[in-house]
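Colleague: What follows is a structure written as structure tokens; I'll ask about it next.
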Amino acid sequence: MLKRLFVALMALLMLLSPAFSQEGAPFLDIIYAPKQGDARDLSPYCTIKADNNQKNVFRLTDRDYDTRFNSEGFNIYTSEKAYGIYICFDDDPKGFRVYQYVDGTAYMAEYPADGYLHQYIPLDGATQIRVEPSEAKAKWFSVKEVYVLSQGNTPRYVQVWEQPDNTCDIMVLFAHPDDEMLFFGGVIPYYAGELKQDVVAAVITPSNKLRKSELLNALWAAGMRNYPVMGPFSDKHSKRLNTAYDYFGKNKVRGYIVELFRKYRPETVFTHDIEGEYGHGMHRMCADAAIYAFDAAADSAAFPNTAAAYGTHGVKKLYVHLSETNPEVFDWDMPLEYFEGLTGFEVAQAAYSLHKSQHRYEQFSVEPKDSKYSCYKFGLHMQRD
């Protein structure tokens, strides 16, 4: 009896702390600690009824991003008035509708396809909520998680994304979800979180649906507010640069990176080690294409279509991980006020813990200052006056 009670209590605590009760995440509790006046998650106390597949409706609130719930729509009933709903879709959403019933009156809002996998929608004190796709029986309509929020300030774990605009201070260009923390460490926590600079995270291969959600969770925890740019390339493993290029076509890859530089116009770019850290071909390709694009993006004769669309752009500084050209050791050990005194390195560790699908690879961790693949060490590989 006591054992069952303990298990039930632990499950309830996990639901009450949905975003930061993660195994191996010693600093997430600090980042996501509830503040006075924050809205509470009402989900554990709601009744959810689905149009179909009712037996699996529990997946909407199991706080496991590796599960999903497929339905033609669902209704949420709550005895306490709800002032927000946070939806984490499994696939890039197309059009969908949210109905809310407030004091007996129904209101409907239509949401177009904007590509946000995780979306927050404010409500007006609803006691019944319905979520459904705009198209009948839409195959994309699959949801990982739903949070129903009480009145109060939006909790820090709720993601309210912005689209990056046509200029930014820094672009972090990386191969896979989790590389942004493993090898770049405090770049995002320090520049995006602490300094509030305009930072764009661009991943050339988002890998799969689960890893997209994990990337969003990690970036948000690390202070990113611009929605990441997710590239068009599939994840292919190789040890050779030419093999990686052969999978997709060198011209296509280089043209894509040139377009990124022109479209988002970063002042500074951080990217992978030329040797691909531990030799991964996708990492090598990312670095090689960035080095090529440093000059090509400023040349109107290179890839003239994107030059016509966005204009040319000269990146001022290109930092390459572990490069010996103008080497620099960044200080990710400064306490950061935005993260309650945590360091950039500690925030990167916390954010990496949200890439849960990758934890089976025990050899990977956020690389400390004196390690072989230290996330502190970069070289100013190219610069423009």
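The values are calculated or read from the model by the stated rules, or taken from the named source; none is laboratory data. Keep in mind that this is a model prediction, so the values were computed, not measured. Backbone-built Cβ (ideal geometry, glycine too); neighbour counts: all protein chains shown. Ligands, DNA and RNA are stripped out before the accessible areas are found, and what is left, the full protein with its side chains, is counted by its heavy atoms. Shrake-Rupley method; radii C 1.70, N 1.55, O 1.52, S 1.80 Å.
Colleague: From the list Thr325, Thr306, pick out the single residue that is surrounded by 13 or more Cβ atoms within 10 Å (Cβ to Cβ), polar (S, T, N, Q), over 18 Å from Glu194 (Cβ atoms) and out of contact with any Asp or Glu (no Cβ under 8 Å at 6 or more places or on another chain).
Modeller: Thr325
Colleague: Would you mind finding the one in Leu380, Leu318, Leu342 that is touching an Asp or Glu at 6+ places or on another chain (Cβ under 8 Å) and either surrounded by fewer than 19 Cβ atoms within 10 Å (Cβ to Cβ) or of a type outside the set (Val, Ile, Thr) (or both)?
Modeller: Leu380
Colleague: Can you name every one of the helices (runs of 4 or more DSSP H) wholly within segment 244-312 that holds 1 or more residues which are of a type in the set (Ser, Thr, Tyr) and touching a helix residue (DSSP H, G or I) at 6+ places or on another chain (Cβ under 6 Å)?
Modeller: On the way: elements: 250-264, 281-296, 304-310.
Once the helices (runs of 4 or more DSSP H) in segment 244-312 are filtered for at least 1 residues that are of a type in the set (Ser, Thr, Tyr) and touching a helix residue (DSSP H, G or I) at 6+ places or on another chain (Cβ under 6 Å), what remains is 281-296, 304-310.
Colleague: For segment 313-330, what are the residues that are in a strand (DSSP E or B), among the aliphatic types (A, V, I, L, M) and touching a helix residue (DSSP H, G or I) at 6+ places or on another chain (Cβ under 9 Å)?
Modeller: To start, the set of residues in segment 313-330 that are in a strand (DSSP E or B) comprises 317-321, 327-329.
Right, trim to among the aliphatic types (A, V, I, L, M) and you get 318, 320, 329.
Selection gives Leu318, Val320.
Colleague: Of all residues in segment 348-377, how many are more than 16 Å from His176 (Cβ to Cβ), open to solvent by less than 20 Å² (accessible area, probe 1.4 Å) and assigned to a loop (DSSP other than H, G, I, E, B)?
Modeller: Count: 3.
Colleague: Has segment 213-226 got any residue that is in a loop (DSSP other than H, G, I, E, B), touching a strand residue (DSSP E or B) at 6+ places or on another chain (Cβ under 8 Å) and crowded, with 18+ Cβ neighbours inside 10 Å?
Modeller: Yes: segment 213-226 contains one or more residues that are in a loop (DSSP other than H, G, I, E, B), touching a strand residue (DSSP E or B) at 6+ places or on another chain (Cβ under 8 Å) and crowded, with 18+ Cβ neighbours inside 10 Å.
Colleague: Kindly provide the set of residues from segment 111-149 that are among the acidic types (Asp, Glu), open to solvent by 60 Å² or more (accessible area, probe 1.4 Å) and modelled with pLDDT of 95 or more, ordered by number.
Modeller: Of everything in segment 111-149, just one residue is among the acidic types (Asp, Glu), open to solvent by 60 Å² or more (accessible area, probe 1.4 Å) and modelled with pLDDT of 95 or more, namely Asp124.
Colleague: Pick out the one residue from Phe364, Phe345 that is aromatic (Phe, Trp, Tyr) and either within 14 Å of Gly186 (Cα to Cα) or over 22 Å from the mean Cα position of the chain (by Cα) (or both).
Modeller: Selected residue: Phe345, the only one of Phe364, Phe345 that is aromatic (Phe, Trp, Tyr) and either within 14 Å of Gly186 (Cα to Cα) or over 22 Å from the mean Cα position of the chain (by Cα) (or both).
Colleague: Could you identify the single residue in Phe294, Phe330 that is more than 24 Å from the chain's Cα centre (by Cα), surrounded by 13 or more Cβ atoms within 10 Å (Cβ to Cβ) and aromatic (Phe, Trp, Tyr)?
Modeller: Just a single option satisfies the conditions, and that option is Phe294.
Colleague: Output the residues belonging to segment 138-170 that are of a type in the set (Asp, Glu) and under 18 Å from Ala113 (Cβ atoms).
Modeller: Glu162
Colleague: While we're here: Would you be able to tell me the number of residues in segment 331-342 that are of a type in the set (Gly, Ala, Ser) and not in a loop (DSSP other than H, G, I, E, B)?
Modeller: Residues meeting the conditions: 0.
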